[in-house]
Amino acid sequence: METSDSLTISRRDLLIVGAASGAAATAISSHAQAVPASVSATAPVPVTKVSFEVNGQARMMQLDTRTTLLDALRETLHLTGTKKGCDHGQCGACTVLLDGRRIKACLTLAVMHEGASVTTVEGLGTPQRMHPMQAAFVKHDGYQCGYCTPGQICSAIGMLEEIRRGVPSHVTADLTVRPLLSASELQERMSGNICRCGAYSNIVDAITEVSGGQA
Amino acid sequence: MKSFTYERAQTPGQAAAAVAAHPGSRFIAGGTNLLDLMKHQIEAPTHLIDVNGLKLDSIEPTAEGGLRIGALVRNSDLATDERVRRDYGVLSRALLSGASGQLRNRATTAGNLLQRTRCVYFYDTDQACNKRQPGAGCSAIGGATRQLAVIGVSSACIATHPSDMAVAMRLLDANVETVRTDGRVRVIPIADFHRLPGTTPHIETALEPGELVTAVTLPRPTGGTHIYRKVRDRASYAFALISVAAIVQKDGSGRVAVGGVAHKPWRVEAAEAAMPNGAKAVTAGLLAGAAPTEHNAFKLTLVERTLSAVLAQARTTS
């Protein structure tokens with residue numbers, strides 16, 4: 001949050017400004033409705049300090065304890081690449097890497113990750129220097145609307161690392177040998193990421209290319 | 001989500017003291033079920049005790065030749081452990097059939113046992129539910145019951161326990177190790193850990209208020225062919241309609257537990273004597289006294305057919 005002043009204006013910020021100026025009356029009235037509920041609470045809202053690393057940068061925050069990791073990333077740190085889809089752990093749009101392992105950022109509290117290291121899609125690459133998984137998604141057209149894409153990409157990177165570590169899956173035929181990446185393994189392992197546009201076949205192609213083509 | 005205060009416990013004793021000091025508190029580990037329920041305000045703890053720092057995250061051999069699985073071992077790590085894959089394949093298979101890769105990376109062994117039903121009437125706060133509000137009634141009874149329990153049900157609740165892992169734990173005769181708020185430890189056999197709904201479906205386990213699960217132990221391996229077959233509406237990332245966990249020995253003897261049919265993992269040891277006689281004979285004993293609805297009576301047939309497939313698979317792989 002200490003860096004929010006120095007942020008350059010993003011497309012999202014422009015959209016927010018545009019929406020606010022276009023519908024100022026609506027925005028104010030809904031805000032006015034929201035305020036009494038929070039100030040009528042008798043006790044102050046509990047807050048807790050937490051620090052963890054995000055994309056290699058140390059971050060210190062004082063957060064309402066209810067803040068999910070997803071909301072801390074998006075609303076406090078303004079890292080809006082990680083998307084909020086269902087907010088109930090069902091769609092995978094919020095997938096990030098926590099200490100290198102893929103998780104759903106909507107189903108964990110930010111204050112639970114003192115000292116951890118979080119990688120979001122912003123930490124993988126830049127438009128000029130994309131991560132190989134990002135480049136492969138572009139090359140294979142692994143998206144349509146793009147909303148699930150940051151989660152798909154983080155999940156795919158975490159998933160390939162799981163295969164490298166020998167984590168088996170539901171479709172692994174023999175539990176006693178190291179799993180290999182096949183199309184069915186890939187589909188099973190990516191089932192926690194929903195794409196409502198249905199770009200699945202291209203997503204499979206993109207991940208397969210990055211994995212070295214075993215699938 | 002209702003607001004709550006938060007603290008991180010470093011030792012089981014500290015966690016116990018914290019829970020005793022804060023009525024309305026809950027432990028949080030993976031959070032994959034509890035936070036979802038808090039967002040729906042089905043759970044509204046006033047204080048959360050983060051137990052992730054308790055160092056209960058290792059898998060150690062026991063003196064009896066089994067394994068002690070720390071309460072905080074993540075589902076993906078338990079499924080991947082070499083000893084579990086080799087000696088307790090049914091447990092690995094059950095874990096891998098549940099949830100998604102991301103969730104298994106966070107969800108813990110104890111949390112998996114303690115997860116709550118996915119009965120849609122429990123989740124819909126506009127519906128009556130004796131679990132959410134004891135005495136409120138049960139909208140599931142007489143409602144859409146296709147997913148719900150067929151055996152061990154009561155007039156207060158027909159919810160199922162959603163876990164796959166717990167079915168394998170029941171099959172393996174696991175024991176649950178706990179520490180109570182006064183520091184006393186005890187061991188609860190998995191068969192007694194989950195309760196049937198009866199008149200108090202809101203009391204789901206044998207745990208006392210504030211009692212903390214510290215580990216789950218597995219007895220020495222039994223050998224045999226380990227199979228977990230889950231039947232669901234889509235091929236991945238869905239809860240079971242029914243599931244069958246089985247260990248089958250070369251002579252056709254063995255054991256079987258079933259998920260998706262009751263308020264707890266369902267196993268009837270007396271029915272297992274019929275294993276060499278085939279699925280029909282076993283299922284007759286296993287599901288004797290079942291009280292399905294017209295929407296879920298198919299589960300009785302589905303259990304028998306799935307067990308039949310499991311036994312056939314065991315014959316070809318042993």
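Contact residues in the stretch B:76-118 by the 40 Å² criterion (accessible area, 1.4 Å probe, full protein complex versus chain alone): B:T80, B:R85, B:R93, B:L96, B:Q102, B:N105, B:R106.
The 1.4 Å probe gives accessible areas that order B:R184, A:R59, A:R178, largest first, as A:R178, B:R184, A:R59. Considering the zone a paramagnetic label at B:R234 would reach in this model (a point 7 Å from Cα along the Cα-to-Cβ line), which residues of the stretch A:182-215 have amide N under 15 Å from it? From the stretch A:182-215, the list is A:187-201.
The listed residues B:H194, B:H295, once ranked by accessible area (1.4 Å probe) with the largest placed first, stand as B:H295, B:H194.
For a straight C-alpha distance cut-off of 21 angstrom, the lysines reachable from A:K83 (same-chain residues fewer than eight places away being disregarded) are A:K104, B:K39.
Ligands, DNA and RNA aside, B:L302 has an accessible area near 40 Å² when probed at 1.4 Å. In the stretch A:76-91, the residues whose accessible area drops by at least 50 square angstrom when the other protein chains are added to the isolated chain are A:H88; the probe is 1.4 Å and only protein heavy atoms count. Residues of the stretch B:22-48 whose accessible area (probe 1.4 Å, heavy atoms of protein chains only) drops by at least 30 Å² once all protein chains are present, relative to their chain alone: B:L35, B:D36, B:K39.
Per residue, the protein assembly as shown exposes 43 Å² of accessible surface when a 1.4 Å probe is rolled over the protein heavy atoms with every protein chain present.
Counting protein heavy atoms only, the protein assembly as shown has 54 percent of its accessible area on carbon and sulfur, 1.4 angstrom probe. In square angstrom and rounded to 100, what buried accessible area do you get between chains A and B, total over both, with the probe at 1.4 Å? Between A and B, the summed buried area is about 3300 Å². So if R0 is 25 Å, what FRET efficiency would B:I203 and B:T62 give, r being the distance between their Cβ atoms, rounded to the nearest 0.05? The computed FRET efficiency comes out at 0.25. The share of alpha-carbon pairs in the stretch A:45-123 lying farther apart than 22 Å comes to 12%. Beyond 20 Å in Cα-Cα separation lie the following of the pairs B:K230/B:K280; B:K250/B:K299; B:K230/B:K264; A:K49/B:K55: B:K250/B:K299; A:K49/B:K55. Binning the alpha carbon pair distances of chain B at 10 angstrom intervals from zero yields the distribution 6, 27, 35, 24, 8, 1, expressed in whole percent. Full extension of the chain between B:A17 and B:A270 gives 86.9 nm of extra length, using 0.36 nm per residue less the Cα-Cα distance.
The values are calculated or read from the model by the stated rules, or taken from the named source; none is laboratory data. If you're wondering where the values come from, they're calculated on a predicted model, not measured in any experiment. All Cβ positions, glycine included, derive from the backbone under ideal geometry; neighbour counts span all protein chains shown. Keep in mind that these areas ignore ligands, DNA and RNA; they rest on the heavy atoms of the full protein, side chains included. Shrake-Rupley method; radii C 1.70, N 1.55, O 1.52, S 1.80 Å.
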